[in-house]
Amino acid sequence: MALGTVVLVITPISWILLHEPQADQADASVPYVTRDDDTYITASNQPVVATPTAPDSASPTAVPSTRTPKPSAPVTPGGPSSTSPTDGPTSVPTDDPGTGTEPSTPPSTGTTEDPDPSDPPTTSTPSSTPKPSTPPSADNGSMSGEEAELFSLVDEARTSNGCAPLRRNSNLTGSARNDAEGRAASGDVSETEASKAAAGGDGMSAKKAFNRLKSQSSATLFNCGLDELGVGRGDASYEDGIFCGLGLCSKKTRVAWVVDFK
């Protein structure tokens, strides 16, 4: 143990003495120590030469950032800027701080743009209003003037007795006219049925026909259950006289009237 300690003390002293420079090699130069390796330090008596100091290297050039800039979200006017700072200098200049992205829609100034005078004015087309359906025209009965006169006489007499006004019916008029013409030709001008009556005579007018019908066919004429009427008139010429065989006859006109109810 003691021997080992002595060896450890003597070894570095011996090394220093062996490497001490000789007196004849010494000069006025200031010795300096150089390092040959990582273990031993060698004393040198060579003149000290000032080692040139390496000029300060230029500040390192910033390496362009390879980070891909994220697309900025649209900026609402008046809101904070969406431009975010990058980690290092980039090759593409960025916008000035605080400018942000231009708003997609300029703020409204409260004024409306004047319309282009060349543009035609826009007119709104009103929605088509359905036209009211036209009620069918009332049936006039297709009567002549004399036939219409008899119709009015009968209708007024019936309403005076409490019946509802009669409606004209062209089909009934046509049927009554055909019947009246046949009766005028045959001379059978008087008849009374449940819904029909006939009267006639030489040159009989509408007023005389009404009076004849009222006297001989009142039950049919004033039946309030019948509310439609057609009136027909027919006439035919014939010869009459006691001397017709001798060619001394007079010509007359027979008129027949028919009222046909429904």
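The values are calculated or read from the model by the stated rules, or taken from the named source; none is laboratory data. The structure presented is a predicted model; accordingly, all values stated were derived computationally and were not measured. Reconstructed Cβ throughout: ideal geometry from the backbone, glycine too, with neighbour counts over all protein chains shown. In case anyone asks, the SASA skips ligands and DNA or RNA and just uses the protein heavy atoms, side chains included. Shrake-Rupley method; radii C 1.70, N 1.55, O 1.52, S 1.80 Å.
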**Asked** For residues in segment 138-159 being of a type in the set (A, V, I, L, M, F, W, C) and more than 17 Å from residue 233 (Cα to Cα), which is farthest from the chain's Cα centre (by Cα)?
**Response** 157
**Item:** Filter result for the condition that a residue is within 13 Å of residue 153 (Cβ to Cβ) and in contact with a strand residue (DSSP E or B) (Cβ under 9 Å, 6 or more places away or on another chain), over 251, 214, 262, 208
**Value:** 208
**Complete:** Taking segment 120-169 and keeping residues among the charged types (D, E, K, R) and either open to solvent by 100 Å² or more (accessible area, probe 1.4 Å) or modelled with pLDDT of 80 or more (or both) leaves 131, 146, 147, 149, 155, 156, 158, 167, 168
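Is there a residue in segment 213-226 that is of a type in the set (A, V, I, L, M, F, W, C) and part of a strand (DSSP E or B)?
no
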**Residue among 236, 198 that alone is at pLDDT 95 or above and farther than 28 Å from residue 158 by Cα** = 236
**Asked** Restricting attention to segment 190-200, which residues are open to solvent by 20 Å² or more (accessible area, probe 1.4 Å) and in a strand (DSSP E or B)?
**Response** 191, 192, 196
